[in-house]
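One structure is given below, encoded as structure tokens.
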Amino acid sequence: MTLITILSAVMSGAVVGALLGLFGGGGSVLATPLLLYVVGVRDPHIAIGTSAAAVSVNAALNLVGHGRGGRVKWPCATVFAGAGLLGSFIGSSLAKAVDGQRLLLFFAVAMAAIALSMLRRPKSEGDPAVHITGRLMLKLAPLGVLTGLAAGFFGIGGGFLIVPGLMAATGMTLAHASASSLVSVSLFGAATSLNYAVSGLVDWPIAGLFILGGLAGGLAGVRGAGLLVGHALLARRLFAGLVLVVAAYVAWRAVTG
């Protein structure tokens, strides 16, 4: 492992950690492209498995900061994440059977969908005092299973689905949904990376460096999330534009081989 590889992995982890801390949903989508085209991981499956492991740990670390800030709706988040674990195992098992370049093309489509979802303005500000009920559990569990399936297949945290899913099912605010989504991002990533690790598709040294960089980036991102409360929508839209550009690049590389 060269010095350039080490620095690239740490810096890439810092970028993803900061984005996870800022936005919760969507931040992990850049992990696989960074591992492939910046760090230099050659196998798409190893890049996805490694990114899932790193993102899981970084999301869990960022979750601590948001939890201390009182932004996590733990009961709602736990029901959603618990229901989605099975889906993430199934999705990641299906992905391992797909050709690497074809999987990257699917991944690019998912990135574009993530970006478009981040461009939408929430229909309402949401209820900051929302609490779990039996009715909400019946809404959260099916959404959790479907989101876990998508997260496992694409090897991403799935926050771009979790955030709007939590808001639609419970009526919570964007800030609470973004923070609460990190529970699912960490669990779905752990399940996906475990499934890939069983097949030898996780580069643990690279994952460790990625996590190390994510520590610093995550701290900055969590602090920035508090400062962006009044400008969260604009920031998400700017980030969505970046994701669209990267999606186009990933699709081009997948098609051209």
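The values are calculated or read from the model by the stated rules, or taken from the named source; none is laboratory data. Note that the structure is predicted; figures quoted are calculated from it, not measured. Here Cβ is always computed from backbone atoms with ideal geometry, including for glycine, and neighbour counts include all displayed protein chains.
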task = Kindly indicate whether any position in the stretch 66-87 is more than 29 Å from residue 176 (Cα to Cα), surrounded by fewer than 24 Cβ atoms within 10 Å (Cβ to Cβ) and in contact (Cβ under 8 Å) with a residue 12 or more places away in the chain.
result = no
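A quick yes/no check of all residues on (1) closer than 14 Å to residue 212 by Cβ; (2) of a type outside the set (S, T, N, Q):
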position: 1; (1), (2): yes, yes
position: 6; (1), (2): yes, yes
position: 12; (1), (2): yes, no
position: 19; (1), (2): no, yes
position: 34; (1), (2): no, yes
position: 43; (1), (2): no, yes
position: 51; (1), (2): no, no
query = Across the stretch 189-221, what is the total count of residues that are closer than 22 Å to residue 66 by Cβ, in contact with a Leu (Cβ under 8 Å, 6 or more places away or on another chain) and among the hydrophobic types (A, V, I, L, M, F, W, C)?
reply = 3
inquiry  = Out of 251, 225, I need the residue that is at pLDDT below 80, surrounded by 12 or more Cβ atoms within 10 Å (Cβ to Cβ) and part of a helix (DSSP H, G or I). Which one?
reply    = 225
key: Restricting the stretch 148-182 to residues that are among the hydroxyl-bearing types (Ser, Thr, Tyr) and at pLDDT below 90, the residue that is surrounded by the fewest Cβ atoms within 10 Å (Cβ to Cβ)   = 173
message = Quick check on my filter: what residues within the stretch 177-207 are in a helix (DSSP H, G or I), touching a residue at least 12 places away in the same chain (Cβ under 8 Å) and either out of contact with any helix residue (DSSP H, G or I) (no Cβ under 8 Å at 6 or more places or on another chain) or polar (S, T, N, Q) (or both)?
response = 178, 180, 181, 184, 186, 192, 193, 195, 205
message = Please determine whether any residue of the stretch 129-137 is at pLDDT 80 or above, part of a loop (DSSP other than H, G, I, E, B), among the hydroxyl-bearing types (Ser, Thr, Tyr) and at negative phi.
response = yes
